[in-house]
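**Q** Below you will find the structure I want to go over with you.
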Amino acid sequence: AQSVTQLGSHVSVSEGALVLLRCNYSSSVPPYLFWYVQYPNQGLQLLLKYTSAATLVKGINGFEAEFKKSETSFHLTKPSAHMSDAAEYFCAVTLNTGGFKTIFGAGTRLFVKA
Amino acid sequence: NAGVTQTPKFQVLKTGQSMTLQCAQDMNHNSMYWYRQDPGMGLRLIYYSASEGTTDKGEVPNGYNVSRLNKREFSLRLESAAPSQTSVYFCASSKQGRETQYFGPGTRLLVL
């Protein structure tokens with residue numbers, strides 16, 4: 001069965017520190033991979049997506065993610081955290097299994113300490 | 001462009017009552033989705049519509065029905081609300097099934 005696992009429901013970093021949010025997936029077919037961000041009381045918005053053009057994907061607000069097929073991972077990173085990065089982050093996988101279906105991870109809430 | 005709009009923003013129901021959540025998009029997207037978001041569980045797909053005139057069940061369809069009224073509108077109906085349906089409901093749309101989804105602001109539903 002296809003699934004998405006985000007390690008750590010909560011991650012806390014200091015302002016200026018590296019942000020690393022982990023995402024692993026299981027899939028028997030090539031996936032389309034996404035990271036979405038959700039700010040309080042809002043809907044989700046796209047941070048970045050992987051669609052097989054390049055394994056290192058750059059997104060908005062300085063975030064990037066690397067697709068590693070051998071590890072079935074798509075971890076999200078940012079070199080230096082800002083207070084404004086505090087939000088919930090969701091990894092998502094879209095699979096073509098006779099029709100496209102998207103599976104979301106449980107989410108990781110990022111806290112940024114001053 | 002308004003993007004994806006949802007109404008209402010907040011609703012309180014009593015067990016057994018019915019209601020319809022409305023969703024509309026103005027991006028000429030083919031695919032539309034309904035998700036529910038519960039703490040610690042991410043988003044779970046209730047129903048989706050790959051294109052106008054088609055609807056399919058997602059991961060948690062029980063207790064819900066949908067209607068793809070036209071290309072713009074996709075409604076979600078709770079026929080007999082239960083406390084387990086207390087959640088935040090998000091509508092989303094995408095140009096095609098494999099592309100970026102655009103989300104509405106959500107509807108917070110409380111079933112007493």
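The values are calculated or read from the model by the stated rules, or taken from the named source; none is laboratory data. These figures come from a predicted structure and were not determined experimentally. Heads up, the Cβs are rebuilt from the backbone with ideal geometry, glycines too, and the neighbour counts pull from every protein chain shown. Just the protein is used for accessible areas: all its heavy atoms, side chains included, with ligands, DNA and RNA removed. Shrake-Rupley method; radii C 1.70, N 1.55, O 1.52, S 1.80 Å.
**Q** Residue B:77: accessible area at probe 1.4 Å, nearest 10 Å²?
**A** 80 Å²
**Q** Cα-based count: Lys pairs in the protein assembly as shown below 17 Å, eight or more positions apart or different chains?
**A** So the count works out to 12.
**Q** Here's another thing I want to ask about it. When the distances between all Cα atoms of the range A:1-89 are binned every 5 Å from zero, what whole-number percent does each bin get?
**A** 3, 13, 25, 26, 19, 10, 4, 1
**Q** Mind checking B:41-53 for the average number of partner chain beta-carbons within 10 Å of each residue's beta-carbon?
**A** 3
**Q** Give the residue list of GluC sites (Glu not before Pro) in the range B:5-94 that are DSSP loop and have at most 12 other beta-carbon atoms within 10 angstrom.
**A** Qualifying residues, ordered by number: B:79.
**Q** Along Cα→Cβ, 7 Å out, is where each label goes; now give me the distance between the ones at residue A:53 and residue B:12 in nm to one decimal.
**A** Each label point lies 7 Å from its Cα, and together they span 4.9 nm.
**Q** A follow-up question, please. Go through the range A:23-38 residue by residue and turn each phi into a ³J(HN,Hα) via Karplus (6.51, -1.76, 1.60, θ = phi - 60°); whole Hz please, and just put x for glycine and proline.
**A** In residue order, the calculated couplings are 9, 10, 9, 10, 7, 9, 10, x, x, 9, 10, 9, 10, 10, 10, 10 Hz.
**Q** Whole angstrom only: what separates the Cα centroid of the range A:1-53 from the Cα centroid of the range A:79-114?
**A** Taking the Cα centre of the range A:79-114 as reference, the centre of the range A:1-53 is 3 Å away.
**Q** In Å², and per residue, what accessible area does chain A have when probed at 1.4 Å with the other protein chains present?
**A** Value returned for chain A: 48 Å² of accessible area per residue.
**Q** Partner chain Cβ atoms within 10 Å, averaged over the residues of B:85-97 - can you pull that number for me? Each step should come with its number before you reach the end.
**A** On the way: counts 0, 0, 0, 2, 0, 3, 1, 4, 0, 3, 0, 1, 8.
Average per residue, whole number: 2.
**Q** Which order do B:46, A:103 take by accessible area at a 1.4 Å probe, largest first?
**A** Largest accessible area first, the list is A:103, B:46.
**Q** Using a 10 Å cut-off on Cβ to Cβ distances, tally the other chain neighbours for every residue of A:89-99 and report the average as a whole number.
**A** What the average comes to for A:89-99 is 2.
**Q** Over chain B, what percent of the accessible surface lies on carbon and sulfur atoms, probe 1.4 Å?
**A** That fraction is 48 percent.
**Q** Counting only the heavy atoms of the protein chains, how much of residue B:56 is accessible to a 1.4 Å probe, in Å² to the nearest 10?
**A** Probe radius 1.4 Å; accessible area of residue B:56 about 70 Å².
**Q** What dipole magnitude, in Debye to the nearest 20, does the protein assembly as shown give about its Cα centre under +1 on Lys/Arg Cβ and -1 on Asp/Glu Cβ?
**A** Values: 21 positive and 14 negative charges, 28 e Å.
The dipole magnitude comes to about 140 debye.
**Q** What is the interface area between chains A and B, defined as buried accessible area summed over both chains with a 1.4 Å probe, reported in Å² to the nearest 100?
**A** 1500 Å²
**Q** Tell me, what % of the accessible area of the range A:1-97 is carbon and sulfur with a 1.4 angstrom probe?
**A** Here it works out to 52 percent.
**Q** Taking Cα centroids, how far is the range B:8-39 from the range B:65-112 in Å?
**A** The two parts, judged by their Cα centres, are 3 Å apart.
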